[in-house]
Amino acid sequence: METTYRAVLHGDHIEWIDPPPDIEQPVQVHITLVTEPSSVLEVKRGQAMADALAGLAHLGGLPEIADPLAWQREIRQDRELSGREP
């Protein structure tokens, strides 16, 4: 099982940002160096999402849905749950 803990590497010393793992025996670890500040990564990820949404908007939506507002109202209607009395 893999679990991620945030930390800062100072030479051969790890400074934990998140609470460190509660382990007593040695364990194998994989360390990934983040070369860009997380704020830069978040901006890039956000821009990629915005570009994808702009591309979808440029396509004009789903052609099989003639009236998006009517489709949304239909989808949001309450439905009976199996095994429950109304």
Subject >> Subset of region 1-18 (residues that are open to solvent by less than 100 Å² (accessible area, probe 1.4 Å) and in a loop (DSSP other than H, G, I, E, B)) >> reply: THR3, TYR5, GLY11, ILE17, ASP18
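I need the full set of residues from region 40-64 which are open to solvent by less than 70 Å² (accessible area, probe 1.4 Å), assigned to a helix (DSSP H, G or I) and modelled with pLDDT under 85, in order please.
Matches in region 40-64: VAL40, LEU41.
The values are calculated or read from the model by the stated rules, or taken from the named source; none is laboratory data. Note that the structure is a prediction, hence the values are computed from the model and not measured. Note: areas computed on protein heavy atoms with side chains; ligands, DNA, RNA excluded. Shrake-Rupley method; radii C 1.70, N 1.55, O 1.52, S 1.80 Å.
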